[in-house]
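A.B. asks: Handing you a structure now.
The values are calculated or read from the model by the stated rules, or taken from the named source; none is laboratory data. This structure is a prediction, so every number in the text was calculated from the model and none was measured. Here Cβ is always computed from backbone atoms with ideal geometry, including for glycine, and neighbour counts include all displayed protein chains. These accessible areas exclude ligands, DNA and RNA; they are computed on the full protein's heavy atoms, side chains included. Shrake-Rupley method; radii C 1.70, N 1.55, O 1.52, S 1.80 Å.
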Amino acid sequence: MNESIRNIYCVGRNYGLHAAELGNDIPEEPMIFTKPTHALAAIDGGEIELPGGRGEVHYEAELVLRIGQAYKKGFTVDELVDQLALGIDFTLRDVQSALKKKGHPWLPAKGFKGSAALTGFRPFPGFGQVKQVEYSLNRNGQEVQRGNLNDMIFDLQVIVDYIAAHYGLGEGDIIYTGTPAGVGAVNDGDRFELFWGEQAFGAFTARIGK
């Protein structure tokens, strides 16, 4: 999987209710962080190994975009994005809280192996159609998150323009676009399922290391 993906960009605090549930301020511009490609883990029905002994691991379900060509100023989302997927930005929440207090980068909390879980990609149907579909995450058969792109603080066009201007954006880059409210701790053996509308996109079982 990581051979075909170049950069992994992630948008933090892009849903107001999620920012509120963690006690964070609403950002005035997109909050971007990255993950190494070694963090990628396929959501393919099997198991995903997550670290133990470092505090709680939280799930954060997200819409993921794949960039199909090099960005040029004025390009629209429909011109840039060729595929979409669903993913989970796993987060070591206790580690992140300690890093935030110290003003340190989030990499130890966000960039560990398995932290960028990802379903297979599907053709991108267009910005207009994507905004009409909600995505959701079930844990052990119960819905825990539901995302509506209309609730984003920064929409997809703002996100791609911002990332391109500040960091660069090209073919093979992917973007985790932010998580809605409902994040929570993962338990060993939890079964997760991701849905795009009514369509199942992928499932996996979480395994917490000793």
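A.B. asks: Tell me which residues, restricted to segment 105-124, are basic (Lys, Arg) and in a loop (DSSP other than H, G, I, E, B).
C.D. replies: 113
A.B. asks: Go through segment 161-184 residue by residue and tally those that are open to solvent by less than 20 Å² (accessible area, probe 1.4 Å) and under 17 Å from residue 27 (Cβ atoms).
C.D. replies: Final tally of qualifying residues: 7.
A.B. asks: Any residue in segment 148-159 that is in a helix (DSSP H, G or I), among the β-branched types (Val, Ile, Thr), under 14 Å from the mean Cα position of the chain (by Cα) and buried (at least 18 other Cβ atoms within 10 Å of the Cβ)?
C.D. replies: Step one: list which residues in segment 148-159 are in a helix (DSSP H, G or I), which gives 149-151, 156-159.
Pick out the ones that are also among the β-branched types (Val, Ile, Thr) and you get 158-159.
Then drop every residue that is not under 14 Å from the mean Cα position of the chain (by Cα), which leaves 159.
Pick out the ones that are also buried (at least 18 other Cβ atoms within 10 Å of the Cβ) and you get 159.
Yes: one or more hits.
A.B. asks: Could you please let me know if residue 111 is over 18 Å from residue 194 (Cβ atoms) and either without any contact (Cβ under 8 Å) to a residue 60 or more places away in the chain or under 18 Å from the mean Cα position of the chain (by Cα) (or both)?
C.D. replies: Taking the combined requirement at face value, the residue satisfies it.
A.B. asks: Can you tell me which residues in segment 100-126 are over 17 Å from residue 86 (Cβ atoms) and either charged (D, E, K, R) or open to solvent by 40 Å² or more (accessible area, probe 1.4 Å) (or both)?
C.D. replies: 100, 101, 102, 103, 104, 105, 106, 107, 108, 110, 113
A.B. asks: Can you name the number of the only condition in (1) among the hydrophobic types (A, V, I, L, M, F, W, C); (2) modelled with pLDDT of 95 or more; (3) open to solvent by 50 Å² or more (accessible area, probe 1.4 Å) that residue 65 fails?
C.D. replies: Here residue 65 clears every test but (3).
A.B. asks: Continuing with the same structure: Can you go through 71, 59 and tell me which one is under 27 Å from residue 198 (Cβ atoms), among the hydroxyl-bearing types (Ser, Thr, Tyr) and in contact (Cβ under 8 Å) with a residue 24 or more places away in the chain?
C.D. replies: Step by step, each of 71, 59 is checked, and only 59 is under 27 Å from residue 198 (Cβ atoms), among the hydroxyl-bearing types (Ser, Thr, Tyr) and in contact (Cβ under 8 Å) with a residue 24 or more places away in the chain.
A.B. asks: For segment 15-26, check the following and say yes or no: at least one residue is within 26 Å of residue 170 (Cα to Cα), in contact (Cβ under 8 Å) with a residue 24 or more places away in the chain and open to solvent by 60 Å² or more (accessible area, probe 1.4 Å). Break it down stepwise before answering.
C.D. replies: As a first pass, look at segment 15-26 and keep what is within 26 Å of residue 170 (Cα to Cα): 15.
Going one step further and asking which of them are in contact (Cβ under 8 Å) with a residue 24 or more places away in the chain, we end up with 15.
Of the ones still in play, those that are also open to solvent by 60 Å² or more (accessible area, probe 1.4 Å) are none.
Within segment 15-26 (the criterion being within 26 Å of residue 170 (Cα to Cα), in contact (Cβ under 8 Å) with a residue 24 or more places away in the chain and open to solvent by 60 Å² or more (accessible area, probe 1.4 Å)), the answer is no, since none of the residues qualifies.
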